[in-house]
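First comes the structure, then the notes that go with it.
The values are calculated or read from the model by the stated rules, or taken from the named source; none is laboratory data. What you are looking at is a predicted structure, and each value in this text was computed from that prediction instead of being measured. Note that each Cβ is placed from the backbone with ideal geometry, even for glycine, and that neighbours are counted across all protein chains shown. The accessibility values were calculated without ligands, DNA or RNA, using every heavy atom of the protein model including side chains. Shrake-Rupley method; radii C 1.70, N 1.55, O 1.52, S 1.80 Å.
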Amino acid sequence: MVVYSFYIFDRHTECIYSKSWLPPAHSGAANGTTTTAKSAADDAKLIFGTVFSLRNMVRKLGGDDDAFVSYRTAHYKLHYYETASNLRLVMLTDTATLSMRNVLHQIYINLWVEYVVKNPLSPVEHKGGAGVRNELFELGLDQFIRGLM
Amino acid sequence: MASSKASRLGEEVWKTRMDKVNAELVVLTYGTIVAQLCKDFDSDYVEVNKQLDKMGYNIGLRLIEDYLAKSNTVRRCSNFRETAEMIAKVGFKIFLNITPTITNWTSDGKQFSLVFDENPFADFVELPDDGRAQDELWYSNILCGVLRGALEMVQMQVEAHFISDVLRGNDTTEMRISLIRYIDDELPPEDD
């Protein structure tokens, strides 16, 4: 199993955290850092647009209780998890990976709630990702994901 | 049926997943906060109520995430009645180990009361004897704010206020909660 990348979107649809486990050569090519950063932000926007539309479509067809879990292409699989507070977690993995719903749920309860929400110094709204990239969260996430691979 | 399911969930989460703190520590800490606010605002109890509500609101915004994580909630409540059940039997149970009674529904299902038979904030408490606190101070007003903040995060705009309190000499402690509206999902900004 290989995890490619991970994104968190808040209820204001903003990408407040993203992390890639791809070797740097893979993700950016030779375009220089500014374009890489820009394309990463564009990727996040595209991903949000996609999962948001898919989720709405799924709900329209399957009823309000239906949840969109993942989709798969020839090259990757995208896993989606949404909390009742409209926090959305997205993870890209290789195509052979089984459902990561549980993994995303664990990230939410054991890392997000413990290290970001309960951190008294982190703001309630994470505008521009404020308060998310703290050491405990980053370390915990990295260890957790590497433990899976 | 849904109601006994909520009770069981609340019971189980309370027993297995919650860290406990000494109840007297809670009473004294909360009492100190209220007393300090009364001092800071020169016994302007209307302002104290407002401040307590605001503090609660900020707590609620965060507390909801802990609630969702601990109770393993994956889906929204399907109606406001279910929400009320979950607030009383899971929310209050796991954080304060009390289960207020849900009563006095309006016929449109948008307003109900929570009656607190016990209130862990109010042990040993006597309101100031200045002739006004009895009529103006809502001692446990922080709870209204908590509910307002927590429900806002799960897209319900509500209004909550106390209408009676045993500390004021009423027979019961009752909070009134009204659903104002469900908040729509935010949409991503249009690209230009």
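Please indicate, with yes or no, whether at least one residue in segment B:178-190 is touching a Phe, Trp or Tyr at 6+ places or on another chain (Cβ under 8 Å), of a type in the set (A, V, I, L, M) and under 21 Å from residue B:49 (Cα atoms).
yes
For a quick check of your reading of the model, give me the residue pairs whose first member lies in segment A:112-123 and is modelled with pLDDT of 95 or more, whose second is open to solvent by 50 Å² or more (accessible area, probe 1.4 Å), with beta-carbon atoms closer than 7 Å and at least 6 apart or on different chains.
none
Is segment B:12-21 home to any residue that is open to solvent by 40 Å² or more (accessible area, probe 1.4 Å), closer than 30 Å to residue B:133 by Cβ and under 18 Å from the mean Cα position of the chain (by Cα)?
Within segment B:12-21, none of the residues are open to solvent by 40 Å² or more (accessible area, probe 1.4 Å), closer than 30 Å to residue B:133 by Cβ and under 18 Å from the mean Cα position of the chain (by Cα).
Could you tell me whether any residue of segment B:21-35 is among the charged types (D, E, K, R) and closer than 17 Å to residue B:161 by Cβ? Explain how you work it out, then say what you get.
At the first step, the residues of segment B:21-35 found to be among the charged types (D, E, K, R) are B:24.
In the following step, the residues that additionally are closer than 17 Å to residue B:161 by Cβ were identified as none.
The answer is no; no qualifying residue exists.
Select from segment A:100-117 the residues that are more than 16 Å from residue B:18 (Cα to Cα) and acidic (Asp, Glu) and list them in ascending order.
The answer is none; no residue qualifies.
Conditions tested, residue by residue: (1) within 27 Å of residue A:67 (Cα to Cα); (2) polar (S, T, N, Q); (3) open to solvent by less than 40 Å² (accessible area, probe 1.4 Å); (4) within 13 Å of chain A (Cβ to nearest Cβ).
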position: B:41; (1), (2), (3), (4): no, no, no, no
position: B:46; (1), (2), (3), (4): no, no, no, no
position: B:56; (1), (2), (3), (4): no, no, yes, no
position: B:70; (1), (2), (3), (4): yes, no, yes, yes
position: B:82; (1), (2), (3), (4): yes, no, no, yes
position: B:85; (1), (2), (3), (4): yes, no, no, no
position: B:96; (1), (2), (3), (4): no, no, no, no
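Looking at segment A:104-137, which of the residues that are away from every other protein chain (no Cβ under 14 Å) and in contact with a Phe, Trp or Tyr (Cβ under 8 Å, 6 or more places away or on another chain) is surrounded by the fewest Cβ atoms within 10 Å (Cβ to Cβ)?
That would be A:136.
Checking residue B:129 against (1) modelled with pLDDT of 95 or more; (2) out of contact with any strand residue (DSSP E or B) (no Cβ under 6 Å at 6 or more places or on another chain); (3) away from chain A (no Cβ under 14 Å), which single condition isn't satisfied?
Evaluating residue B:129 over (1) modelled with pLDDT of 95 or more; (2) out of contact with any strand residue (DSSP E or B) (no Cβ under 6 Å at 6 or more places or on another chain); (3) away from chain A (no Cβ under 14 Å) leaves (1) as the failure.
Just one of the numbered conditions (1) at pLDDT 90 or above; (2) within 30 Å of residue A:82 (Cα to Cα); (3) in a helix (DSSP H, G or I) is not true of residue B:26; which one?
Looking at each condition in turn, residue B:26 falls short on (2).
For segment A:73-97, give me the residue count where each residue is more than 9 Å from chain B (Cβ to nearest Cβ), assigned to a loop (DSSP other than H, G, I, E, B) and free of Cβ contacts under 8 Å to residues at least 40 places away in the same chain.
Count: 4.
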